[in-house]
1. Could you go through region 140-151 and let me know if any residue there is of a type outside the set (F, W, Y), in contact with a Phe, Trp or Tyr (Cβ under 8 Å, 6 or more places away or on another chain) and part of a strand (DSSP E or B).
2. Going by what's in this entry, would R183 be described as over 22 Å from P94 (Cα atoms), touching a residue at least 12 places away in the same chain (Cβ under 8 Å) and not in a loop (DSSP other than H, G, I, E, B)?
3. Residues in region 66-82 that are in contact with a helix residue (DSSP H, G or I) (Cβ under 8 Å, 6 or more places away or on another chain), crowded, with 21+ Cβ neighbours inside 10 Å and either of a type in the set (A, V, I, L, M) or not in a helix (DSSP H, G or I) (or both): how many?
4. Within region 217-243, how many residues are of a type in the set (S, T, Y) and part of a helix (DSSP H, G or I)?
5. Would you point out which residue out of L130, L118, L97 is part of a loop (DSSP other than H, G, I, E, B) and not small (G, A, S)?
6. Mind telling me which of the residues L270, L252, L200 ends up being more than 30 Å from L112 (Cβ to Cβ) and in contact with a Phe, Trp or Tyr (Cβ under 8 Å, 6 or more places away or on another chain)?
7. Give just the number: which of (1) in a helix (DSSP H, G or I); (2) touching a helix residue (DSSP H, G or I) at 6+ places or on another chain (Cβ under 8 Å); (3) touching a residue at least 60 places away in the same chain (Cβ under 8 Å) does G91 not satisfy?
8. What number goes with the only condition from (1) under 22 Å from L216 (Cα atoms); (2) modelled with pLDDT of 95 or more that Q115 does not pass?
Amino acid sequence: MAEYDFRRVSPTAFKVVASLAMYTDVSSAKSMVEELRKDSAVRTLMDGLASVRPAPESAVYFEARYKAINWLLDQYLDKHSSLKVLELAAGFSPRGLELSSNPAVSYVETDLPEQIRLKETAVTSLLGKLPSALKYCAADATKPDEVVLAASTFSSGPVVIVTEGLLRYLTLDEKNQLLEGVRAVLETYGGCWITPDIHLEKWTCAHASFSRTVDLVGRDLLTNYFSSFADARSFFANAGFSIEEHPLLEHLEGKISSLHYASSEQRAQLAERAVWVMRLK
């Protein structure tokens, strides 16, 4: 079987940052989209995605997971003198752009070569020049050697690995490849892995855009989802991780600017969702 071309997933990164820019108060997302649209090829792609871009209610989840991860990183920094983040498949998330202004933070973002070059160009244009604390590395998150090489940018640890929106696109085998790279980094540097990517099969019906996303990426995403939280816990525990679960909306009351777009069903789903902080056992 031919290896899947993950470049097919890249347009979803535009959908996420555009959704944050259009429907939320994440101002850095607005700046990112404005900069990206200066590239004619990107502008054509983003315009072409009009039929599959997220509905307003999708922005609620994107904003919640973005701010939940930020809250956890803030808590980490409150307890440590520095924060070193390796974000895998970072897409066009503005998190690194925001956090790299803090002198206590070192941030490394990875993505596929074409996408990470585009991100670096956009951020460099926005800031005038890249801060020394913000670096971009081409790496496929499912290739352990490339993940380890990206982490080598750090001279020491601990390192906080972040994945946001990645796992839903990975098959079981690809998830295991991702875990191999994550384990290798944590074994070398120490630290933890933060992800909100625990997607359950039962939630697909709550997203009207699900079938359109399946058509866009060209693979059956439902088979990549977990059947239950117990299934997900078993998967990661068997891979050697301990799990600390944080409700997605914990500490975010009144901070999700797009929440008014959410239906009652979506609010119930958001209340079920969590961000997991995982460490090696």
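The values are calculated or read from the model by the stated rules, or taken from the named source; none is laboratory data. Quick caveat: nothing in here was measured; it's all calculated off a predicted structure. Counting neighbours? That spans all protein chains shown, and the Cβs are built from the backbone with ideal geometry, glycine included.
1. For region 140-151, residues of a type outside the set (F, W, Y), in contact with a Phe, Trp or Tyr (Cβ under 8 Å, 6 or more places away or on another chain) and part of a strand (DSSP E or B): absent.
2. yes
3. 1
4. Here the count works out to 2.
5. Answer to the selection: L130.
6. On inspection, the qualifying residue turns out to be L252.
7. (1)
8. (2)
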